[in-house]
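Report on the structure given below.
The values are calculated or read from the model by the stated rules, or taken from the named source; none is laboratory data. In this text, all values refer to a predicted model and were calculated from it rather than measured experimentally. When we count neighbours, we look across all protein chains shown, and the Cβ atoms used for this are built from the backbone with ideal geometry, even at glycine.
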Amino acid sequence: MTKETLYQEMGISSEVLQFGETVLDSLKERFAALDETTEYNQLKVIQAMQKNRVSMEHLGSTSGYGYNDIGRDTLEDVYASVFHTEAALVRPQITCGTHALGIALAGNLRPGDELLSISGKPYDTLEEVIGIRPSKGSLAEYGITYRQVDLLPDGNFNFEGIKKAINPKTKLVAIQRSKGYQTRPTLSVAKIGEAIACVKTVRKDLICMVDNCYGEFVETIEPSDVGADMVVGSLIKNPGGGLAPIGGYIAGTTECIENAAYRLTTPGLGREVGATLGVNKSFYQGLFLAPTVVNAALKGAIFAANIFEKLGFPVVPNGSESRHDIIQAVTFGKPEGVIAFCKGIQAAAPVDSYVTPEPWAMPGYDSDVIMAAGAFVQGSSIELSADGPIKPPYAVYFQGGLTWPHAKLGILMALQKLVEAGMADLRQ
Ligand SMILES: *Cc1c(COP(=O)(O)O)cnc(C)c1O
């Protein structure tokens, strides 16, 4: 049987496949450049593991209090080496990215302090952490105030606005690298570095925290290489490499990491407790695989951008611009487009391919959201997944793919469903 027949048996028409192959022919140089970045990052991760003398005994496990978990402690040193920071907190007790950001903030802010976001509105779930939308236990309830400076209409930092917004109460400055559920451009590490430099010229003791979700290993440098005091992310996104079954990380200065650890566990206990219950091996192996997994996801994102751009849909980033995270936004302008796209991603999955995704009221979000994922780890968005809030401009946010062939199949399947729904015409 040929590859083409197999695609057909799986529901991809020869027209859709041909359209995809034509687009792919134009992407050879892009993909080669990506492979260069991946090679660099793979070496960086291996070097960090060698430097910290990772050995078989680190892949073991503890239970109970988890005192002297050398696997956990060494993994944290490996993360610190990869991110070039003094310390890191990498734990299965950090339940998700929002939780990691929540403890990074709550651990480092005190009543009377002000938090300043300089990349505009933060990710939806952080609105309740901060108290922008009133919520029990929010920073606002503890007397921590919040201010934000929006990005300029062209997506750049508003340096004048940032300098004006910093006041004697300002303690921590937050920057979100990825666009999240917005159609603004993602911020490059270089641009983040300029913003941090600007903040530090006003007051060099201000803590700069970067929400690094979806950005890890996309470039050869990370925000911690350009002055960030803390970088924060989820292990069921890039750095978990698809193998971490849970978890989050914070890498940064010893002071920031200790403050976060005292919030994660309790004052006094901090980093000393926290059993790893058998996850150490998947954390190490996932980090080892992460650069190549991110490569697969980026190829998928670039492929999707070029396909949907050719069909006339607005895409962010566009087909040719440089990448700073793994997310691809495609605007369909109608709920049916978002729904058809998500059905295609679901139909291409290795797990739960037969289920049909439907919009629902997800906790933490202010509109119905449709999510497609046939993942080995629930909600893992380093695995091929798509989601979209059912509200204008009806954009779908697509990300992940543990392997490039799977990402390719998912995008072809999404295109197939759009063609079948009468929303895409391949005779351009
Ligand atoms: C995913 C994400 C988060 C939250 O992570 P969860 O693991 O879903 O809680 C925060 N910020 C950004 C930019 C994200 O992409």
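Some notes on this structure:
- Long-range neighbours under 7 Å by Cβ, at least six apart or interchain, first residue closer than 17 Å to residue 228 by Cβ and in a loop (DSSP other than H, G, I, E, B) within segment 161-179, second within 16 Å of the ligand (Cβ to nearest atom) and of a type in the set (Ser, Thr, Tyr): 177/186; 178/186; 178/214
Let's see how each residue does on (1) surrounded by fewer than 22 Cβ atoms within 10 Å (Cβ to Cβ); (2) modelled with pLDDT of 95 or more; (3) out of contact with any Leu (no Cβ under 8 Å at 6 or more places or on another chain):
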| site | (1), (2), (3) |
| --- | --- |
| 344 | no, yes, no |
| 348 | no, yes, no |
| 362 | yes, no, yes |
| 401 | no, yes, no |
| 407 | no, yes, no |
| 411 | no, yes, yes |
| 424 | no, no, no |
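- Within segment 216-234, the set of residues being aliphatic (A, V, I, L, M) and either more than 16 Å from the ligand (Cβ to nearest atom) or within 15 Å of residue 80 (Cα to Cα) (or both) comprises 221, 226, 228, 230, 231, 232.
- Subset tally (residues that are in contact with a Phe, Trp or Tyr (Cβ under 7 Å, 6 or more places away or on another chain) and more than 16 Å from the ligand (Cβ to nearest atom)) for segment 92-113: 2
- Where residue 213 falls short, out of the listed (1) in a loop (DSSP other than H, G, I, E, B); (2) crowded, with 24+ Cβ neighbours inside 10 Å; (3) more than 16 Å from the ligand (Cβ to nearest atom): (3)
- Contacts under 7 angstrom Cβ, first residue in segment 259-270 being surrounded by 13 or more Cβ atoms within 10 Å (Cβ to Cβ), partner in a loop (DSSP other than H, G, I, E, B), 6 or more apart: 264/93; 264/94; 265/273; 265/274
- Any hit, segment 74-91, residues being more than 16 Å from the ligand (Cβ to nearest atom), assigned to a strand (DSSP E or B) and touching a residue at least 60 places away in the same chain (Cβ under 8 Å): yes
- Residue in segment 218-241 that is touching a His at 6+ places or on another chain (Cβ under 8 Å), of a type in the set (S, T, N, Q) and buried (at least 19 other Cβ atoms within 10 Å of the Cβ) present: yes
- Residues that are surrounded by fewer than 22 Cβ atoms within 10 Å (Cβ to Cβ), in a loop (DSSP other than H, G, I, E, B) and either of a type in the set (S, T, N, Q) or without any contact (Cβ under 8 Å) to a residue 12 or more places away in the chain (or both) do not occur anywhere in segment 323-331.
- Residue that is farthest from residue 204 (Cα to Cα), among those in segment 128-157 that are crowded, with 18+ Cβ neighbours inside 10 Å and touching a residue at least 40 places away in the same chain (Cβ under 8 Å): 128
- Matching option when the condition is part of a strand (DSSP E or B) and of a type outside the set (D, E, K, R), among 257, 307, 250, 302: 250
- Test for residue 58: is it buried (at least 19 other Cβ atoms within 10 Å of the Cβ), at pLDDT 95 or above and under 28 Å from the mean Cα position of the chain (by Cα): yes
- Selection status of residue 166, closer than 14 Å to residue 106 by Cβ, of a type outside the set (Gly, Ala, Ser) and out of contact with any Gly (no Cβ under 8 Å at 6 or more places or on another chain): no
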